[in-house]
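Take a look at the structure set out below.
The values are calculated or read from the model by the stated rules, or taken from the named source; none is laboratory data. Note that this is a predicted model, so its numbers are computed, not measured. Quick reminder, even Gly has a Cβ in these numbers, built from the backbone with ideal geometry, and neighbours come from all protein chains shown.
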Amino acid sequence: MSEGGEATPRVYLAGPDIYHPRAEEIAANKKSICERYGLEGVTPMDIEGGRTHSGSADDGLEIYRAARIMIAGCDALIANMTPFRGPGIDAATALEMGVMAGYGRPIVGYSLDTQIYKDRLAHLFQEIEEDLIENGSGLATRDGLSVEDFGLLDTAVIAGAAMTAGAPIAEDFEAAVRWMRRLLRPA
């Protein structure tokens, strides 16, 4: 409970940080930042019994179910949208954002990489020595598939989910927390 007897807003902290060797330390730090701003941070690390990265398919299904329940119990979501293992965000983070969007609750994103999606994709293709080609008004891969270019940090649907609440995609976690506080605790 916060001052005045109102419940502290619970915010699900989505992102690939769980794969980092210091995941527990990162989660604790993010929760501490949330607390300073009057929010309760909830992470995938809070799943009862822990979150393993390998095991049986049944273990994976249980992690999904537990995460979905955890997200349902939160008032909002902050997503680490920093590109992960490719030019876009972590696939699990995208799904978690989609689950929260389905509840109609606010999502705020942040990315430590401020390069727009199209430029990151072009850079990736240069690294594998395959250029994108001009395709009328935009770019495409050699097989003719269009490259999405809305000048956003990720694809339109992903970036849109993070911007629908009215906050920009922040450049770091603490800025995202400040935006979330404004959304959940208007002055």
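Just to be sure, is LEU77 of a type in the set (A, V, I, L, M, F, W, C), buried (at least 19 other Cβ atoms within 10 Å of the Cβ) and not in a loop (DSSP other than H, G, I, E, B)?
Spelling it out, LEU77 is indeed of a type in the set (A, V, I, L, M, F, W, C), buried (at least 19 other Cβ atoms within 10 Å of the Cβ) and not in a loop (DSSP other than H, G, I, E, B).
Select from the range 1-36 the residues that are of a type in the set (A, V, I, L, M, F, W, C) and modelled with pLDDT under 95 and write down the one among them that is nearest to ALA72 (Cα to Cα).
ALA7
Please give the number of the condition GLU96 fails out of (1) surrounded by fewer than 21 Cβ atoms within 10 Å (Cβ to Cβ); (2) in the same structural domain as TYR37 (by TED's automatic domain parsing); (3) in contact (Cβ under 8 Å) with a residue 12 or more places away in the chain; (4) outside any loop (DSSP other than H, G, I, E, B).
(1)
Filter the range 157-185 for residues that are loosely packed, with under 14 Cβ neighbours inside 10 Å and small (Gly, Ala, Ser) and give the result.
Residue satisfying the conditions is GLY166 alone.
Can we say GLY86 is surrounded by fewer than 18 Cβ atoms within 10 Å (Cβ to Cβ) and in a loop (DSSP other than H, G, I, E, B)?
yes
Taking into account only those residues within the range 37-68 that are hydroxyl-bearing (Ser, Thr, Tyr) and either closer than 11 Å to TYR12 by Cβ or modelled with pLDDT of 90 or more (or both), which is surrounded by the fewest Cβ atoms within 10 Å (Cβ to Cβ)?
If we take residues in the range 37-68 being hydroxyl-bearing (Ser, Thr, Tyr) and either closer than 11 Å to TYR12 by Cβ or modelled with pLDDT of 90 or more (or both), then TYR64 is surrounded by the fewest Cβ atoms within 10 Å (Cβ to Cβ).
Checking ALA167 against (1) at pLDDT below 90; (2) in contact with a strand residue (DSSP E or B) (Cβ under 8 Å, 6 or more places away or on another chain); (3) of a type outside the set (Phe, Trp, Tyr), only one condition comes out false. Which one?
Result: ALA167 passes all but (1).
Restrict the check to the range 48-66 and report whether at least one residue is assigned to a helix (DSSP H, G or I) and either polar (S, T, N, Q) or in contact (Cβ under 8 Å) with a residue 40 or more places away in the chain (or both).
For the range 48-66, residues assigned to a helix (DSSP H, G or I) and either polar (S, T, N, Q) or in contact (Cβ under 8 Å) with a residue 40 or more places away in the chain (or both): absent.
Looking only at strands (runs of 3 or more DSSP E) that fall completely inside the range 105-187, which ones have 1 or more residues that are over 29 Å from ALA28 (Cβ atoms)?
Ranges flagged: 133-135, 138-140.
Pick out the one residue from ARG85, ARG105 that is at pLDDT below 95 and assigned by TED's automatic domain parsing to the domain that holds LYS30.
Being at pLDDT below 95 and assigned by TED's automatic domain parsing to the domain that holds LYS30 holds for just one of ARG85, ARG105, which is ARG85.
Considering only the range 6-37, how many residues are closer than 17 Å to ALA91 by Cβ, assigned to a helix (DSSP H, G or I) and among the hydrophobic types (A, V, I, L, M, F, W, C)?
1
What pairs come up if the first residue lies in the range 102-127 and is surrounded by fewer than 21 Cβ atoms within 10 Å (Cβ to Cβ), the second is assigned to a helix (DSSP H, G or I), and their beta carbons are under 8 Å apart, counting only those six or more places apart or on different chains?
TYR103/ILE71; TYR103/ALA72; ASP113/ARG120; GLN115/HIS123
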